[in-house]
Structures are given as structure tokens and as C-alpha cells.
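Presented below is the structure to which this report refers.
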Amino acid sequence: MKKKYLTLNAWALAACMGLFTLTACSDDNGGNDNGGDNPDGDTEIIAEDGSTLSGTVANGQTVRLTQGRSFQLSGGYTVKDGGTLIIEPGVTITAVRDDSPDYILIEQGGYIDAQGTADKPIVMTANLGDAALRTAGWGGIHICGKSHTNRGEGTYSEIGESPYGGTQEDDNSGILRYIRLEYTGFALDAEHEANGLSLYGVGSGTTIDHIAVYKGGDDGIEFFGGSVNVKYAVVIDCEDDSYDWTEGWNGRAQFLVASQAGTTGEKDNGDCLMECDNNGDNAALTPVSHPVLSNLTLIGNNSTEGDRGIRLRAGTEVELYNTLVVGKPRAITIETPETDASFTRTETPSVLSYVACTGTFDNSEPAATYTEDLFLAAHNQLQAELTFTQGYVGTLDGGIDPTTLGSFFSAAPYQGAVPADADWTDGNWIRTE
């Protein structure tokens, strides 16, 4: 692969002036097999330490951020169809928050290979001076894939207005591993907000594991349809929902942590630990949201306004196993007839099993078929006594073997996400204060 040792700004200027021509050569960018229109050759640009990320990575271009270096992010930085962004371990990217929102957007056919390690994570943060003001400092990462959404044609991301959705369920947008996203949650307006990690129609070929979102001003991780799977994620002190899904997401997830213990903001210290929808405009739209999740630890701070833990509504379905829900007066809430009915049907029903809560169960449907008695009969608990160390470390004996749910899942026949004797959150990639 041909390599150009230029700052990104200098490269962009040179390209505009026609000072050099892209040279075709063998593509060794690490497996960009996501269906983009990459030419046979590619040009690699190695960004200089301290340079600014802005503009686009175009078709046939690979930008590499080298291990241990620091970069600034100014405005939107978009990886186009056929472009590749490689981020090596220990890289720090700091959003400068100027006149336009800062964010990283991977468009359909674009590819991101961002792999840190536990001790050398990739850190994306914001430079706003006073740490107390950093919440909602930038727009986070947005990935647009070719997997399904139930919104139909003409569907665009909230930030960057990039199209997403399709029929390629195994679409591969790249790899995110050992990444910490700090102070995300930029709002363009009342209808367009940015989460820590926004996944739009992302396919199951994409790899996402060991993701930490710290002090976000909106949601931590949100799924807009798609079939992407997530493993090992920690969301700390986000002011809206910790996890959110909608538009037919039907992926898999295991080992998720949420903690709202120290949040402050307009929603009285965090809203839902998980806000779960199919489609807010039409609850019956297909494909219907039906993710399968196991081994979660979800911790609220007993706030009186954001008092719901897992909010199942707008027609969503779910299979949820081996989970602990703490610090929310209404730990499990069920809304809409479609969601209620999904628990008592014969084929592919929704399931809550081995879920222990310190709060209550609330099905708001007047003619509810999924009652508290049925909930308790599935090895679930209410008003349980649960304690943790280091904020969220600790599990409860008893649970299903998640490997029976499919090959994605690891053996973890206990309730909760982080065992004391196998703390996968250990390392520099997690920040709790």
C-alpha cells in the first residue's frame, strides 16, 4: 500500500490543488470486505501527531492514526463508501467544539478499524476546559450500515444525514474494540441528538466489544434497527438512557453494564437504564425489535423523575436473561398491547428470565396478559437485596447457560455482568470518576 506521511489538512490542500495523484497498489488495509466500491488499489495516509481530523476519507483512501498519537477533531469527520479509517491502540482524539458539532460518521460502505487494548484504549474526548462542563461536548461515533430498519426508504441518520438500512444482514462496517467515549451527546436541535455510539442499520458482520461511554449528555449506546451484536459494554453517568433501541433491532448482546449513580441534568439524574422500542409511530411495523440479551448489570440512583429501569414499549419484543436491575423504583415497565402480547404467544415469545430487581414490576396495559405472577414464575425476583463492589462488580448465583441461546454467547450461568473473580472491566479503558 502506498503511504503518504502528511497532516490531514496538508493532504486535503494538496489534493485540491492537484499536487499528487492517488496510486493504485495492493490493498492491505486489514480486511475491508464490507461491500464498498473499493478500487483494486488504495492509498494510505498516515496522520501526523497533533493533526486535525476534518472533512472526509474518500473511496480508495485509508487514513491511519498511529499508536499512541493524539489528534484533534473539528466538525464532522466522515468515512465515505470505500474509505477506511484505522485507529491504533493508545490513540487520543479530542473534539475542539468550535462553531459546528464534532462527530465521526461511517457511511454505508465505509469501514472503521479501531482496536485498542485494555491498557492502551482508544480515547475519544472533548476539550472544554472545566471538567464539570464537558458533558455533551461532542457528537460521538455514528455508523450507518446496510442491515434492516422498519422505517423504510429514505431513512437518514440524525447527525450527518447519511442514509442507512437495507437487506444485507451480515453487513460489515468494521471493528470497534477497547474504546472509551467521553462527554458525548451533542444536540443540533430538539429532534437531532447524538449519543455516545449510534448504530444505524448496522449489520452482524460488524464487531463491537469493550466499549465504554462516560458522562454523556444523551444516550450511551443506541440501536436504530440492524442486526449488530455487542459484547462487553459499560455506560457510566449518561443523562438520558444508558441503552436505547428502536426500528427493529434484533441483534445479540452480552455483558452490559449501566450506572447512573453520579449523573446530573434535566432528567433528574438519568432517565431509563434501557429504553426499548420497536417503532414509536407504528408499534406493529416489521421487522419487529427482538434482541436477545444476557448478563446485564443495570444500576440507577433511585431518582424520582427517571424512575424506570427497563422500559419495554412501542411494540418491542425482547429476550432478557441473567440480569440485575438496581436503583429504579419501577424496575420493569411494559407498555403497549403489542409488547404485552409478545410474552404470552406460543411462537418466539418475549422472555424475561432470571432477572432480579430491587424495584417493582409494572404492566400499564388495562387488559394485560403478562402479569406480575407470570413474571415471578420465570425465576425472576422483585424487591431483591443486591450489593456490589466498585460500583457494579458482583453477580447472583443461578441463571441459564447463555450458550444455549447461540454461538455468540459465552458461558455465564449467573445473574449479572461482572463476576468478582473475572472482572473484565479491569484496565485503563474504563473510567468511573
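The values are calculated or read from the model by the stated rules, or taken from the named source; none is laboratory data. Owing to the predicted nature of the structure, the values given are computational and were not obtained by experimental measurement. For neighbour counting, all protein chains shown are included, and Cβ atoms are generated from backbone atoms with ideal geometry for every residue, glycine included. Quick note on the areas: whole protein, heavy atoms, side chains included, nothing else; ligands and nucleic acids left out. Shrake-Rupley method; radii C 1.70, N 1.55, O 1.52, S 1.80 Å.
Some points to look at:
- Per-peptide packing, taken as the mean over residues of other Cβ atoms within 10 Å, places 395-402, 328-335, 362-369 in the sequence 328-335, 395-402, 362-369 from highest down.
- Label-to-label distance, LEU376 versus ASP397, with points set 7 angstrom from Cα along the beta-carbon direction: 2.3 nm.
- Extended-chain gain in nm, criterion 0.36 nm per residue less alpha-carbon gap, ASP281 and THR117: 55.0 nm
- Take 420-428, 284-292 and order them by the average number of nearby Cβ atoms within 10 Å per residue, most first; the result is 284-292, 420-428.
- Accessible area per residue for the chain is 37 Å², calculated with a 1.4 Å probe on protein heavy atoms, without ligands, DNA or RNA.
- DSSP beta bridges in the chain [antiparallel fraction, %, rounded to 5]: 5
- Approximating the spin labels as points 7 Å out from Cα along Cα→Cβ, the GLU161-to-THR404 distance works out to 5.1 nm.
- Against the chain, whose longest principal axis is taken from its Cα atoms, helix 8-17 shows a tilt of about 50°.
- Per-residue surface analysis assigns ARG151 an accessible area of about 120 Å², computed on protein heavy atoms at 1.4 Å probe radius.
- Mean projected area in nm² (Cα convex hull; one quarter of hull surface) for the range 138-220: 5.3
- In Å², nearest 10: area of CYS357 left accessible to a 1.4 Å probe: 0
- Rolling a 1.4 Å probe over the protein heavy atoms leaves VAL318 with an accessible area of roughly 0 Å².
- Across the protein chains, with a 1.4 Å probe defining accessible surface, the residues SER204, SER350 rank SER204, SER350 from largest area downward.
- Checking every one of the GluC sites (Glu not before Pro) in the range 190-227 against DSSP loop status and a limit of 16 other Cβ atoms within 10 Å picks out GLU191.
- Note on the chain: with neighbouring protein chains present and a 1.4 Å probe, carbon and sulfur make up 46 percent of its accessible heavy-atom surface.
- Dipole size of the chain about its Cα centre, with +1 on Lys/Arg Cβ and -1 on Asp/Glu Cβ: approximately 1020 debye, rounded to the nearest 20.
- Shape call, the chain: gyration tensor on alpha carbons, a/c limit 1.5: prolate
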